[in-house]
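Before any comments, here is the structure.
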């Protein structure tokens with residue numbers, strides 16, 4: 001693709017990209033869990049998480065893509081740059097759309113656990 005060979009540096013790009021995608025997904029799911037603990041309904045918590053966490057996720061993706069542009073024209077690291085740039089677009093899409101949808105699908109039938117007050121715990 002784009003006239004570059006699949007090389008070891010391309011594979012390093014995939015590994016780095018996996019870390020960025022997992023980090024973004026964890027931040028999104030963690031925000032949903034925090035909102036659920038506050039008593040917010042699941043659908044609203046997922047929508048709020050998407051609204052609040054979209055900007056940091058897009059900034060991270062932009063930083064990765066812009067950083068990869070610098071090495072795009074180096075013949076040795078071109079595969080790394082291409083895998084980072086292409087994968088960033090894909091992982092951002094997956095993080096912002098697919099992860100919340102799957103999370104909603106997993107938890108929509110789960111009964112909320114009652115929150116215990118401090119004086120109820122002995």
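Apply the a/c threshold of 1.5 to the C-alpha gyration tensor of the stretch 8-106 and tell me whether it is rounded, prolate or oblate.
Here the stretch 8-106 falls in the prolate category.
Taking the number of other C-beta atoms within 10 Å as the exposure measure, put 46, 15 in order starting with the fewest.
Least crowded to most crowded, the residues run 15, 46.
Go ahead and estimate [θ] at 222 nm for the chain from helices alone: -39,500 (n - 2.57) per DSSP H run with n ≥ 4, summed, over the residue count, rounded to 500.
It comes out at -24000 deg cm²/dmol, rounded to the nearest 500.
Could you order the peptides 57-64, 36-43 from most to least packed, using the average number of other C-beta atoms within 10 Å per residue?
57-64, 36-43
Just need the relative contact order of the stretch 1-114 here, percent rounded to a whole number, with Cα pairs under 8 Å and 6+ apart.
Worked out over the stretch 1-114, it gives 40 percent.
Quick one: length gained pulling residue 38 to residue 6 fully straight, 0.36 nm per residue minus the C-alpha distance?
Net length gain for the segment: 6.8 nm.
Any read-out appearing in this document is the output of simple, stated calculations on the displayed coordinates, not a laboratory observation. These figures come from a predicted structure and were not determined experimentally. All Cβ positions, even for glycine, are placed from backbone atoms using ideal geometry, and neighbour counts span all protein chains on display.
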